[in-house]
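> I'd like to ask you about the structure that follows.
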Amino acid sequence: MNSSVAQNTISGSPAGTAQKPKVPVSIESFLLGFKVPFDVYSKEGIGYACILKKWTKFDQDIKASLKSKGILYLYVEGDPTQIKEFFKAPSSAAPKPAEPDYHSYTKTKDEFHHVSKLVFAPGSRVNFSIFNNVGTQFSPLIETMPDRHVPVTENIKTVSGGLAIKIADIKLFREYISGLSKTSSTDSSAMQAKIAGIKESAKMNIRDFLSDPGSSKNIDGVVVSANQVISVLRRKEATLSNMLTVSAGDMHLYNHSTNVAVLSTAIALAMGMDQSQIEKLAMGAMMHDVGKKNLHSSILHKREALTNEEFVIWKKHVTDGISLIQNNGIPREAIVGVQQHHERVSGLGYPFGLRGIAITPFGKILSLVDCYDALTTRRPFKQPLTPFAALEKILKETGEKGNFDPELVKLLVKILKGQGRI
Ligand SMILES: [Fe+2]
């Protein structure tokens, strides 16, 4: 941080102290090389720290330093009208920076990791910053540093949209999750946080696996998470709804892969499949889209329909995935599940166009669940289908084209109905 930057921390609203209003302003609205005629603060837990004294020049070094700490908004103290005029931005209430384009968003989202609101029980203290993700926007809710634990405020559970942390803080978040698993409290919100922690741990283990599928440590992490998910669902410690990841802008592969694992496990348990088979199925589910790591972002995140040439490249993610995992000691059944997750009972799937009994039960389960989760996933520029509408579409495809196994579709409908999701 620039040496001219002040570092005094003050409480957010100390009793008996009249404070001047603070207006949130995106750091992008600060003109580089210009002196700012206001005191400027950053959020520190529930308080504020003065980081720029009045008439300090805002320069590139300050901006870069703030960005490296994940600080995207500052709080300018003074008359809101004067602040508005100086920054020429309508910022009297919530910050509303310009909507970035889709390309910027796909880049920005890679700086963040989505987390569940459920892991933050009242009284939790965190030493990592937490952001609110609405659509394409990430704005800070709690800003802190690794050496500073601050309480999580209750409003974190009620904000619209999802929560995210910076990628750089995943290690700290893992430590926080590990603390949840050690709780002996039987309080319902503590139990809920503990279960949500298992799901969050699965998301992070899948994320690690997707980034380096050849690492035996990462494969072990997937096995641990597969067994934890099975255990939670088998013992009915959580409902399916608690275990499914749903948040705004949730287009990350690790979220989708976790959901596919949860739903596949629920189906397998309902079928009475044995433990070792369910473990292999859950592993296949967590790994099924690993080949997408080879897909270029321009295809992976394309908003419009893919061209024929692009679809050919897209389809390669299945065989690419097999190449990435086939010699790493992963059970054969799991690999076959990955290989068949886009096949259709009708023979209209890919990459091999397998039909009927040529597709294994793992392939049939994964193709159905993968399709259901894709249809019900919210994306920044696309509304998701409701579970009911998604099942209607799947039932139609099953009836007209014979794409999915009708018995499995019936089971999925029964499970979702039993959980009150449709
Ligand atoms: Fe896929």
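> Can you tell me the 0 to 90 degree angle between the C-alpha axis of helix 216-234 and the longest principal axis of the chain, rounded to 10?
Taking Cα atoms only, the helix is inclined about 80 degrees.
> For helix 308-325, report the angle its Cα long axis makes with the longest principal axis of the Cα atoms of the chain; keep it between 0 and 90° and round to the nearest 10°.
The answer is roughly 80 degrees.
> Now for a different question. Would you kindly calculate the mean projected area, averaged across all directions, of the convex hull enclosing the Cα atoms of segment 185-418, in square nanometres?
Mean orientational projected area (segment 185-418, Cα hull): 12.6 nm².
> On to the next question. Return LEU31, LEU180, LEU366, LEU281 ranked ascending by Cβ neighbour count within 10 Å, so the fewest neighbours appear first.
Exposure proxy ranking, most exposed first: LEU31, LEU180, LEU281, LEU366.
> Consider just the alpha-carbon atoms of segment 142-203 and return their Rg together with their Dmax, both in angstrom.
Just the Cα atoms of segment 142-203 yield Rg and Dmax of 12.4, 32 Å.
> Using only the alpha carbons, work out the radius of gyration and Dmax of segment 8-87 in angstrom.
12.3, 38
> Pairing the Cα long axis of helix 253-271 with the longest principal axis of the chain, what angle in degrees results, from 0 to 90 and rounded to the nearest 10?
Roughly 40 degrees, rounded to the nearest 10.
> Would you compute, for the Cα atoms of the chain, the largest minus smallest coordinate along each principal axis and list the three values in descending order, in whole Å?
74, 53, 40
> Give me the net charge of HIS317's neighbourhood, meaning all other residues with Cβ under 10 Å from the Cβ of HIS317; Lys, Arg count +1, Asp, Glu -1.
Combined, the nearby Lys, Arg, Asp and Glu give +2.
> Give me THR398, THR307 sorted ascending by neighbouring Cβ count inside 10 Å, so fewest comes first.
THR307, THR398
> Now, a different point. Summing Lys, Arg as +1 and Asp, Glu as -1, what charge do residues with Cβ under 14 Å from the Cβ of LYS293 carry, LYS293 excluded?
With Lys, Arg at +1 and Asp, Glu at -1, the neighbours total -2.
> Based solely on its DSSP helices, what 222 nm [θ] is calculated for the chain when runs of n ≥ 4 H residues each add -39,500 (n - 2.57) and the sum is averaged over all residues, nearest 500 deg cm²/dmol?
Helix-only estimate at 222 nm: -14000 deg cm²/dmol.
> Could I ask something else about it? Among GLU310, GLU304, rank each residue by its count of other Cβ atoms within 10 Å, from fewest to most, as a rough exposure measure.
GLU304, GLU310
> Please state, as a whole number in µm²/s, the translational diffusion coefficient that the Stokes-Einstein equation yields for segment 347-422 at 4 °C and 1.567 mPa s, with Rh defined as the Kirkwood radius across alpha carbon pairs.
99
> Taking the Cα atoms of segment 104-214, what is the range of coordinates along each of the three principal axes, in descending order and whole Å?
In descending order, the Cα extents are 42, 36, 27 Å.
The numbers here are math on the coordinates, done by the rules we state, and not lab data. All of these numbers come straight from a predicted model, not from anything done at the bench. Using ideal geometry, Cβ is built from the backbone for each residue, glycine included, and neighbour counts are taken over all protein chains shown.
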